[in-house]
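S.K.: One structure coming up, written as structure tokens, with questions to follow.
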Amino acid sequence: MQITFIGHAGFIVETAGALVVMDPWLSPKGAFDSAWMQFPRNHHLAPRVRQLLETSPKQRFLYVSHEHKDHFDPEFLETIKRRDFTVIIPRFRRAELREVFQAYGCERVIACADQQEIPLQGGGYLKLFMMESGTNRDSALLVRGDGQSFLNLNDCKLHDRLAGIVAEEGPIDVFTAQFSGAIWHPVCYEYPRETYRAISRQKRDSKFEAVARALDTVKPRGYLAAAGPACFLDPELFHLNFEKDSIFPRASALFDYLRQRLPASKTRYLEPMPGDVFDVEHLEWIQSAPERVTEENLEAYLRAYAMDQAHVFTARHHNILRAEVAEIHELLRVELRRKLDQLDLHKRVGMPLYVMVREAPTRLLRVDFQLRQVEVVPSIRDTTRYTMTVNAVDIARVLERKLNWEDFLLSLRHRMSRNPDVYEPILHGFVGLEIDDLHEFCDGIRATESRRERTTVVAGDMRYSVLRYCPHQGADLAEAWVEDGRYLVCPRHRWQFDLRDSGRCPLNGASIDARCSHEAELKREPERDRAAASPGVRPEP
């Protein structure tokens, strides 16, 4: 088996009889309204990837893990002329990917259910693992062939299922999983500088810890550091590339963390560059791209890259007339009203949302979730509130359906604040989801809440009964761990639940209904990590 890295979360995996192209993101305009650019640049690989998909004599597959545009690149896919290959996608409830590829004209589209296998010519198989919960839809893919295996988790937060996957599938040779942040918090939020840095450090370390625990579970021979940070070449976002405390860390920082965290690990940590080719059997590079980005040449590299791409951002800017602003403002009001009509859990949101179009600062849109109304107000009048400020030209692209809401938020071209500084999942979903997705989003929350199965947690010398499934997005807390002798940590998004406070999350009040039963009869297991107590989670009968 050979693995060619084609940038970001993209790979070409070749076995004796099959070729699988995974998440090719190669368009020179990047993603999320060009806010994200491939790092390191990989546009030069587009002809090679296109040629392989069009002409390779092997059985050919294109795998797209989910809809995010740094994984699903319609612009590049349209450049492929001969489409006699098979597309593999997850069978999400939302039909967007299926509809796109059914109209794409390829030989076959396989919309896989969770754990569905696809046989490969020459032996072996592909196996897809799917996650669909709340605002998250994603998938992972296992390739097994030539006596070797590659598990590509990309952005998919299946950490609570990894132990089961390894038990079912056997040893994994090469593993890859996202190690960088991919969210607008805290980047777009108004915080004092030190608060911003502290939140960024916490998020970075939390992501690193998730990777460390995944590696400790999977124990692969090699880990490829992919699905790392993009870069930001828009002059208004360029500073994000150089923040000391950032949710967009580079692989060298991850490797430093892993060496301290897992000193006995035998896994090789590998940082590929676009174009590098890796031989899985011998665990060695057989081809290295000539262009290498290091910490030493990083700034010069990014400045040269930004100059080459400057035309992309020049084309984005144009003057806007007052009448256009008024029209955009009204379209936004109608959009928010339509969203609110679909949000049947609106009563749970205890604070209003203020949306300000920057060019109309005295005509704020106030979304009152309790009264289910959107009104125009001259200023913010609530102490407890959420705010979002947008540019008219940017939000217009959402209203014209050139961007979806999540793509706009990931463009980082907006500002937010909240008081109190508490994550509100329903409000988050209201802002980030499309109108047609909100009803199903509410149904998903109710479905998660209806799962009342309990599990037992051992923390130090105490035993607690807790709800087995995380109230956030339903992760299995049977794979959670305990930190500081009291906090049960969700393996998927690392929410912490205080076992000594009825299982409440200190950041948002969500609860796993922890009930202290009695002192643990089992001896405390030796610590294997930084946590004050090792995981002691067992399903209850």
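The values are calculated or read from the model by the stated rules, or taken from the named source; none is laboratory data. All of these numbers come straight from a predicted model, not from anything done at the bench. Using ideal geometry, Cβ is built from the backbone for each residue, glycine included, and neighbour counts are taken over all protein chains shown.
S.K.: Would you point out which residue out of 162, 153, 141, 158 is at negative phi, in contact (Cβ under 8 Å) with a residue 12 or more places away in the chain and surrounded by fewer than 24 Cβ atoms within 10 Å (Cβ to Cβ)? Let's see the steps before the verdict.
M.R.: Working: 162 fails: surrounded by fewer than 24 Cβ atoms within 10 Å (Cβ to Cβ); 153 fails: surrounded by fewer than 24 Cβ atoms within 10 Å (Cβ to Cβ); 141 fails: surrounded by fewer than 24 Cβ atoms within 10 Å (Cβ to Cβ).
Going through 162, 153, 141, 158 in turn, the sole match is 158.
S.K.: When you go through (1) under 23 Å from residue 219 (Cβ atoms); (2) outside any strand (DSSP E or B) one by one for residue 324, which number turns out not to apply?
M.R.: (1)
S.K.: Any chance segment 377-393 includes a residue that's closer than 21 Å to residue 95 by Cα, of a type outside the set (Ser, Thr, Tyr), out of contact with any strand residue (DSSP E or B) (no Cβ under 7 Å at 6 or more places or on another chain) and free of Cβ contacts under 8 Å to residues at least 40 places away in the same chain? It would help to see each step written out before you state the result.
M.R.: Step one: of segment 377-393, the residues closer than 21 Å to residue 95 by Cα are none.
No.
S.K.: Restricting to segment 182-212, name every residue that is of a type in the set (Asp, Glu) and part of a helix (DSSP H, G or I). Show your work before the answer.
M.R.: The first filter runs over segment 182-212 and keeps only residues of a type in the set (Asp, Glu), leaving 190, 194, 205, 209.
Answer for segment 182-212, where residues must be of a type in the set (Asp, Glu) and part of a helix (DSSP H, G or I): 194, 205, 209.
S.K.: I'd like to check something: does segment 411-419 contain any residue that is at pLDDT 95 or above, touching a Phe, Trp or Tyr at 6+ places or on another chain (Cβ under 9 Å), surrounded by fewer than 20 Cβ atoms within 10 Å (Cβ to Cβ) and over 26 Å from residue 230 (Cα atoms)?
M.R.: yes
S.K.: Related question: How many residues does segment 383-405 hold that are touching a His at 6+ places or on another chain (Cβ under 8 Å) and within 14 Å of residue 184 (Cβ to Cβ)?
M.R.: Residues flagged as touching a His at 6+ places or on another chain (Cβ under 8 Å) and within 14 Å of residue 184 (Cβ to Cβ) within segment 383-405 amount to 4.
S.K.: Just the residues that are of a type in the set (D, E, K, R) and touching a residue at least 24 places away in the same chain (Cβ under 8 Å), please, taken from segment 343-358. Reasoning before the result, please.
M.R.: Narrowing segment 343-358 to residues of a type in the set (D, E, K, R): 344, 347-348, 358.
The answer is 344, 348, 358.
S.K.: I've got another one for you. Is it the case that some residue within segment 280-292 is assigned to a helix (DSSP H, G or I), in contact with an Asp or Glu (Cβ under 7 Å, 6 or more places away or on another chain) and within 30 Å of residue 251 (Cβ to Cβ)?
M.R.: Of the residues in segment 280-292, the ones assigned to a helix (DSSP H, G or I) are none.
No, there is no match, as no residue in segment 280-292 is assigned to a helix (DSSP H, G or I), in contact with an Asp or Glu (Cβ under 7 Å, 6 or more places away or on another chain) and within 30 Å of residue 251 (Cβ to Cβ).
S.K.: Of 328, 320, 380, 286, which residue is at pLDDT below 95 and among the β-branched types (Val, Ile, Thr)? Lay out the reasoning, then the answer.
M.R.: Details: 328 fails: at pLDDT below 95; 380 fails: at pLDDT below 95; 286 fails: at pLDDT below 95.
Answer to the check: 320.
S.K.: Considering only segment 262-277, I want to know if a residue exists there that is farther than 26 Å from residue 166 by Cβ, part of a loop (DSSP other than H, G, I, E, B), polar (S, T, N, Q) and not assigned by TED's automatic domain parsing to the domain that holds residue 360.
M.R.: No, there is no match, as no residue in segment 262-277 is farther than 26 Å from residue 166 by Cβ, part of a loop (DSSP other than H, G, I, E, B), polar (S, T, N, Q) and not assigned by TED's automatic domain parsing to the domain that holds residue 360.
S.K.: A further question on this structure: Residue 98 passes all but one of (1) crowded, with 17+ Cβ neighbours inside 10 Å; (2) in a helix (DSSP H, G or I); which number fails?
M.R.: (1)
S.K.: OK, next. State which residue is farthest from the chain's Cα centre (by Cα) when the search covers only segment 12-35 and only residues that are under 11 Å from residue 64 (Cα atoms) and of a type in the set (A, V, I, L, M, F, W, C).
M.R.: 20
S.K.: State all residues of segment 336-362 that are within 18 Å of residue 393 (Cβ to Cβ) and in contact with a helix residue (DSSP H, G or I) (Cβ under 6 Å, 6 or more places away or on another chain); if no residue qualifies, say none. It would help to see each step written out before you state the result.
M.R.: Step one: filter segment 336-362 for residues within 18 Å of residue 393 (Cβ to Cβ), giving 355-361.
Listed by number, the residues that qualify are 357, 359, 360.
S.K.: Answer yes if at least one residue in segment 120-136 is touching a strand residue (DSSP E or B) at 6+ places or on another chain (Cβ under 8 Å), surrounded by fewer than 18 Cβ atoms within 10 Å (Cβ to Cβ) and assigned to a strand (DSSP E or B), and no otherwise.
M.R.: yes
S.K.: Follow-up. Going through segment 1-40 one residue at a time, which ones are closer than 23 Å to residue 403 by Cβ and either in the same structural domain as residue 405 (by TED's automatic domain parsing) or of a type outside the set (A, V, I, L, M, F, W, C) (or both)? Steps first, please.
M.R.: From segment 1-40, those closer than 23 Å to residue 403 by Cβ are 7-10, 23-39; that's our starting set.
The answer is 7, 8, 10, 23, 24, 27, 28, 29, 30, 33, 34, 38.
S.K.: Just one of 431, 482 is at pLDDT 95 or above and crowded, with 17+ Cβ neighbours inside 10 Å; which is it? Show your work before the answer.
M.R.: On the way: 482 fails: at pLDDT 95 or above.
Checking each option against the conditions leaves just 431.
S.K.: Cβ-Cβ under 7 Å, sequence separation 6+ or interchain: first residue in segment 5-25 and more than 17 Å from residue 85 (Cα to Cα) and touching a residue at least 24 places away in the same chain (Cβ under 8 Å), partner assigned to a strand (DSSP E or B) and among the basic types (Lys, Arg). Which pairs?
M.R.: Note: no pairs meet the criteria.
S.K.: Going by what's in this entry, would residue 354 be described as farther than 14 Å from residue 426 by Cα, out of contact with any Gly (no Cβ under 6 Å at 6 or more places or on another chain) and of a type in the set (Phe, Trp, Tyr)? Before the answer, list the steps.
M.R.: Numbers: farther than 14 Å from residue 426 by Cα: yes; out of contact with any Gly (no Cβ under 6 Å at 6 or more places or on another chain): yes; of a type in the set (Phe, Trp, Tyr): yes.
Yes, satisfied.
S.K.: Tell me which residues, restricted to segment 154-176, are over 17 Å from residue 280 (Cα atoms) and either in a loop (DSSP other than H, G, I, E, B) or of a type in the set (Phe, Trp, Tyr) (or both).
M.R.: 154, 155, 156, 157, 158
S.K.: Condition check: outside the structural domain of residue 183 (by TED's automatic domain parsing), at positive phi and over 20 Å from the mean Cα position of the chain (by Cα). Does residue 474 satisfy that? Don't jump to the end; show me each part of the working.
M.R.: Details: outside the structural domain of residue 183 (by TED's automatic domain parsing): yes; at positive phi: yes; over 20 Å from the mean Cα position of the chain (by Cα): no.
Spelling it out, it is not the case that residue 474 is outside the structural domain of residue 183 (by TED's automatic domain parsing), at positive phi and over 20 Å from the mean Cα position of the chain (by Cα).
S.K.: Let me ask something else about it. Restricting segment 273-292 to residues that are among the aliphatic types (A, V, I, L, M) and over 15 Å from residue 7 (Cβ atoms), which is surrounded by the most Cβ atoms within 10 Å (Cβ to Cβ)? Give the derivation first.
M.R.: To start, the set of residues in segment 273-292 that are among the aliphatic types (A, V, I, L, M) comprises 273, 277, 280, 283, 286, 289.
Add one more test, that the residue is over 15 Å from residue 7 (Cβ atoms), and what stays is 280, 283, 286.
On the way: 280: 22, 283: 15, 286: 11.
Going through the qualifying residues, I end up with 280.
S.K.: Another one. For residues in segment 494-517 being crowded, with 19+ Cβ neighbours inside 10 Å and of a type in the set (Gly, Ala, Ser), which is nearest to residue 205 (Cα to Cα)?
M.R.: Ranking the candidates gives 503 first.
S.K.: Filter segment 60-87 down to the residues that are surrounded by 17 or more Cβ atoms within 10 Å (Cβ to Cβ) and either touching a residue at least 60 places away in the same chain (Cβ under 8 Å) or among the acidic types (Asp, Glu) (or both) and list them by number.
M.R.: Correct list: 61, 63, 65, 66, 67, 68, 69, 70, 71, 73.
S.K.: Restricting segment 314-342 to residues that are of a type in the set (Val, Ile, Thr) and in contact (Cβ under 8 Å) with a residue 60 or more places away in the chain, which is surrounded by the most Cβ atoms within 10 Å (Cβ to Cβ)?
M.R.: First pass over segment 314-342, keeping only residues of a type in the set (Val, Ile, Thr): 314, 320, 325, 328, 334.
Imposing the further condition that a residue be in contact (Cβ under 8 Å) with a residue 60 or more places away in the chain reduces the set to 320, 325, 328.
Working: 320: 14, 325: 18, 328: 24.
Among those residues, the one meeting the criterion is 328.
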